[in-house]
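The values are calculated or read from the model by the stated rules, or taken from the named source; none is laboratory data. The model shown is predicted, which means the values in this text are computed figures rather than measured ones. Glycine also receives a Cβ, built like all others from the backbone with ideal geometry; neighbour counts cover every protein chain displayed. Just the protein is used for accessible areas: all its heavy atoms, side chains included, with ligands, DNA and RNA removed. Shrake-Rupley method; radii C 1.70, N 1.55, O 1.52, S 1.80 Å.
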Amino acid sequence: MNLAALWLLAQLAAPLGALPPEPSPFPIPAALLPAVDFWTDLFLHHGHGEVVLHDRDHPQVVWRVLQLPRRGVGARAPVDEKAAAVVVRTHTDELRRRLQRLATGAMAADAADAVLLQAATGMGSAPASAAFLVGAEGRLRSQRGVADDFAAGRRRAALILPSMRRIFIRAGLPADLALLPFVESM
């Protein structure tokens, strides 16, 4: 994760009542904004019980979000890792087959295909969408959510982080650099 994404996460994850956001010392190039948005969403909204299936080169294209099976009832129940691996593999294989078929110019065979075509349409006009689908099965990636781990880490860091920020400021460094080990360890 680059420093611009780190800064954005820090601003978004600031506790209520915190000081107003500082101007970014790390400019975010427009070309990186989709990736920054993807990682911000992953850190803040998708917990360890979810896997996001997305395009490697265009992370703003999220094909599916999978809810992983749990060993028990409720969001706090642990994920059944063996069953989760099967779910992710099954969905990934099925999604690869659909993307390969749609890349040939095939029409949507069902509602699931229509959703994929709609996601690809976000990459441009209909002809551009067809071109975007060529090779999409090879760019398919899965990423486990980390929002719950990120929130727990924020709670653990709450006592020490203000001191670390002051140390960085006294050293003439951006205060949000204190978050670098925290975010990089997720």
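State yes or no: is SER142 without any contact (Cβ under 8 Å) to a residue 24 or more places away in the chain and under 26 Å from THR40 (Cβ atoms)?
no
Does ARG165 fit the bill of being over 23 Å from TRP63 (Cβ atoms) and either at pLDDT 85 or above or of a type in the set (Val, Ile, Thr) (or both)? Walk me through it before giving the result.
Details: over 23 Å from TRP63 (Cβ atoms): yes; either at pLDDT 85 or above or of a type in the set (Val, Ile, Thr) (or both): yes.
The answer is yes for ARG165.
Selection over region 150-186 of residues that are open to solvent by 50 Å² or more (accessible area, probe 1.4 Å) and among the aromatic types (Phe, Trp, Tyr) gives a count of 1.
In the set (1) within 10 Å of the chain's Cα centre (by Cα); (2) open to solvent by less than 30 Å² (accessible area, probe 1.4 Å); (3) farther than 17 Å from ARG139 by Cβ, the condition left unmet by ASP37 is number (2).
Residues of region 79-130 that are among the hydroxyl-bearing types (Ser, Thr, Tyr) and either modelled with pLDDT of 95 or more or open to solvent by less than 50 Å² (accessible area, probe 1.4 Å) (or both): THR90, THR92, SER129. Here is a check on your reading of the model: is ALA147 touching a residue at least 60 places away in the same chain (Cβ under 8 Å), in contact with a Leu (Cβ under 6 Å, 6 or more places away or on another chain), closer than 23 Å to ALA75 by Cβ and surrounded by 12 or more Cβ atoms within 10 Å (Cβ to Cβ)? Criteria met by ALA147.
Report yes if GLN60 is without any contact (Cβ under 8 Å) to a residue 40 or more places away in the chain and among the polar types (S, T, N, Q), otherwise no.
no
Considering region 40-77, the residues that are open to solvent by 70 Å² or more (accessible area, probe 1.4 Å) and among the polar types (S, T, N, Q) include one that is farthest from THR92 (Cα to Cα), namely GLN60.
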